[in-house]
Amino acid sequence: MNGSLNNLVITNDKNLLKNEASIQIKTNGAVFIEGEKLREQEFFSKGSWNEFSSSWNALTIDKYMGDNGKYRFRRFSEFCYSSENGDLSLLPHKPYSQPSYINSLNGGIERHFDPLEDYVVKNEFFTGYLKWCAEVFNQTEKRQHNWNIKIHPYRIFAQEGVAGLPTPEGIHRDGVSYITIMMVQRNNIVGGESTIYDNEKNEIGTVTLNQPLDVIMADDEITMHGTTAIQVDVSGKEAYRDVLVAAFTKE
C-alpha cells in the first residue's frame, strides 16, 4: 500500500466489511473505509447519526494547547467494552493525560475536559460504531479482548490568514493499541490531508477524509499519523473540521 490509502474494496455482502477491514489492518497497518460503507452497517440510522453529529456544536474550547492556539474545541470521555458479553460501559470521568514522549506539545500534564453529554453516551450510532470497531480489532488480534476506549471529538477552526492544525504535535502516535479517525463534517475548508507512516516515519499512504463517516482505522503500535493544516475556502464563512478520534487499548 503505497502512495494513497486504498479504498476498502468489498463484495456486496455488508457482513464481510469487518473481516476485510481487519485483514487490511493486519497486512498494511491501516485501512481507509468510505463512509457509504458504514452507512450499510446495522448501527447506522439517519436519525441517530444526525443527533450524534449535531453534538459537535456543543464542544468546548481546549485550554491546554502548548502552542497557545484557540482553534481547537473538544470533549473527552472513556469507556470499557467487554468482548465476553458485548457490554459498553461509560467509565467515571477523569482528566486526560499523555506522557510527553508521546505528545511533545501537550503531554506531561493532566488536562481537564468536559465529558460527552448524556444523549451522546447513549446514542445508538455512537455505541454501535464503538462495538463494531472493537469487533474489527478482535478479528485483527485473532482473539477476544476487553477494550479501554478513549473518545476525542474535535472541532478545528480556521480563520482567514490563520490555519487550523488538526495535529499540532506533528507526526505522532497516540500510545494505544488501535485508533480510528472518523470524519463528521468539513465546513468551508481546504486541506486536512491525513497520512499514515511506519515507525521510521516512512509514508504508508495518504487520504483526505472528505465525506461524513469516512474513516481511517490503524494499528497505533506499528504506525504513526499526521494531518495537514486546514485553510478557509470561501472568505467570510465559518470554517471548521469535525472529526471523532476513538483510541482503543486492549486489556
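Considering only helices (runs of 4 or more DSSP H) fully contained in region 16-127, which possess at least 2 residues that are open to solvent by 60 Å² or more (accessible area, probe 1.4 Å)?
Details: elements: 17-28, 35-38, 46-54, 118-121.
The helices (runs of 4 or more DSSP H) meeting that bar are 17-28, 46-54, 118-121.
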Open item on the list: It is to be established whether one or more residues within region 199-212 are over 16 Å from Phe137 (Cβ atoms), touching a residue at least 24 places away in the same chain (Cβ under 8 Å) and among the small types (Gly, Ala, Ser).
Closed with: yes
Task: Selection within region 200-226 - over 28 Å from Trp49 (Cα atoms), surrounded by fewer than 18 Cβ atoms within 10 Å (Cβ to Cβ) and either touching a strand residue (DSSP E or B) at 6+ places or on another chain (Cβ under 7 Å) or among the aliphatic types (A, V, I, L, M) (or both) - done: Lys201, Glu203, Ile222
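Being part of a loop (DSSP other than H, G, I, E, B) and touching a residue at least 60 places away in the same chain (Cβ under 8 Å) is the filter here, so list the residues in region 171-196 that pass it.
Taking region 171-196 and keeping what is part of a loop (DSSP other than H, G, I, E, B), we get 171, 173-177, 188, 192.
The answer is Arg173, Asp174, Gly175, Val176, Ser177.
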- [ ] Identify, by number, the condition in (1) at pLDDT 95 or above; (2) open to solvent by 50 Å² or more (accessible area, probe 1.4 Å) that Ile181 doesn't meet.
- [x] (2)
TODO: Consider only pairs whose beta carbons are under 7 Å apart and that are at least six residues apart or on different chains; among these, list those whose first residue lies in region 58-72 and is within 14 Å of Leu165 (Cβ to Cβ) and whose second residue is open to solvent by 30 Å² or more (accessible area, probe 1.4 Å) and modelled with pLDDT of 95 or more.
DONE: Asp62/Phe73; Gly69/Leu165; Lys70/Ile61; Tyr71/Phe157; Tyr71/Leu165; Arg72/Tyr154
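The values are calculated or read from the model by the stated rules, or taken from the named source; none is laboratory data. What you see is a predicted model, and the numbers here were worked out from it, not measured in a lab. Here Cβ is always computed from backbone atoms with ideal geometry, including for glycine, and neighbour counts include all displayed protein chains. These accessible areas exclude ligands, DNA and RNA; they are computed on the full protein's heavy atoms, side chains included. Shrake-Rupley method; radii C 1.70, N 1.55, O 1.52, S 1.80 Å.
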